[in-house]
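> Below you'll find the structure I mean.
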Amino acid sequence: MENRWGLLVVSDRPENRRALLHILGDLPVFVFTAPTIEQARDVLSTGLIRLAFCEESLADGSYRDLLASLRATQAKTFLILMLCTGEWNECLEAMRLGARDVVRCPLQPTDVELAIIRAARDLEASDHGHLRTYGTKDNTDSPVRAFTYQQVV
């Protein structure tokens, strides 16, 4: 069984899309992109997306609109905010509203990778209904293990 996640990149800035696609290029994920909130909602409706990266504002709305859609559908999808223009207050507001993490633009590979690892652990824990320990147990179907292994090799 193939264990790949669907990741969504919601960005209308080509430089951010390119940077994130480059960082995600070697990971075991399927990456979808959307330049608008409306198109992002269409992709999310497929049920394939586990993690969405979204800029704070787009032509037809903001990450707040996408978070509201995720809450309304009760999807098991986490949102990571790509903070392009905002400051500390915007970061705190995003976390209060339900963003899983915040990364600053220009995107740095280490920041993105750490955000994915944290989200993968939380998603895996929510899939199992409890928090797990990540010790020496071999769990080859784990997205966390797959991601971490790929970074080490």
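> If I filter segment 24-34 for residues that are under 19 Å from G86 (Cα atoms), among the polar types (S, T, N, Q) and in contact (Cβ under 8 Å) with a residue 24 or more places away in the chain, do I get at least one hit? If you could, list the steps in order and put the result at the bottom.
Pass one, segment 24-34, residues under 19 Å from G86 (Cα atoms): none.
There is no residue in segment 24-34 that is under 19 Å from G86 (Cα atoms), among the polar types (S, T, N, Q) and in contact (Cβ under 8 Å) with a residue 24 or more places away in the chain.
> So R96 fits all but one of (1) surrounded by 12 or more Cβ atoms within 10 Å (Cβ to Cβ); (2) at pLDDT 90 or above; (3) not in a loop (DSSP other than H, G, I, E, B); what number is the exception?
(1)
> Can you pull out the residues in segment 1-55 that are in a loop (DSSP other than H, G, I, E, B), closer than 18 Å to P106 by Cβ, modelled with pLDDT of 95 or more and not hydroxyl-bearing (S, T, Y)? Spell out how you get there, then give the answer.
Initial filter on segment 1-55 (in a loop (DSSP other than H, G, I, E, B)): 1-4, 11-13, 25-28, 35-36, 45-48.
Checking the rest, the ones that are also closer than 18 Å to P106 by Cβ come to 11-13, 25.
Next cut, modelled with pLDDT of 95 or more only: 11-13.
Result: D12, R13.
> Restricting segment 25-42 to residues that are among the aliphatic types (A, V, I, L, M) and within 25 Å of D60 (Cα to Cα), which is nearest to the chain's Cα centre (by Cα)? Even if it seems obvious, please write down each step before you answer.
Of the residues in segment 25-42, the ones among the aliphatic types (A, V, I, L, M) are 27, 29, 31, 34, 37, 40.
Those left that are additionally within 25 Å of D60 (Cα to Cα): 31, 34, 37, 40.
Working: V31: 10, A34: 13, I37: 15, A40: 13 Å.
In this case the residue turns out to be V31.
> Could you tell me how many of the residues in segment 1-47 are touching a strand residue (DSSP E or B) at 6+ places or on another chain (Cβ under 6 Å) and aliphatic (A, V, I, L, M)?
Matching residues across segment 1-47 total 12.
> For residues that are outside any loop (DSSP other than H, G, I, E, B) and either over 12 Å from Y63 (Cβ atoms) or among the basic types (K, R) (or both), tally how many sit in segment 84-93.
Matching residues across segment 84-93 total 3.
> Only one of these is modelled with pLDDT of 95 or more and either small (G, A, S) or surrounded by fewer than 17 Cβ atoms within 10 Å (Cβ to Cβ) (or both): Q108, Q74. Name it.
Details: Q74 fails: modelled with pLDDT of 95 or more.
Just one listed residue meets the conditions, Q108.
The values are calculated or read from the model by the stated rules, or taken from the named source; none is laboratory data. Here the structure is a predicted model, which is why all the values come from computation and not from measurement. FYI the Cβ positions are ideal-geometry reconstructions off the backbone, even for glycines, and counts take in every protein chain you see.
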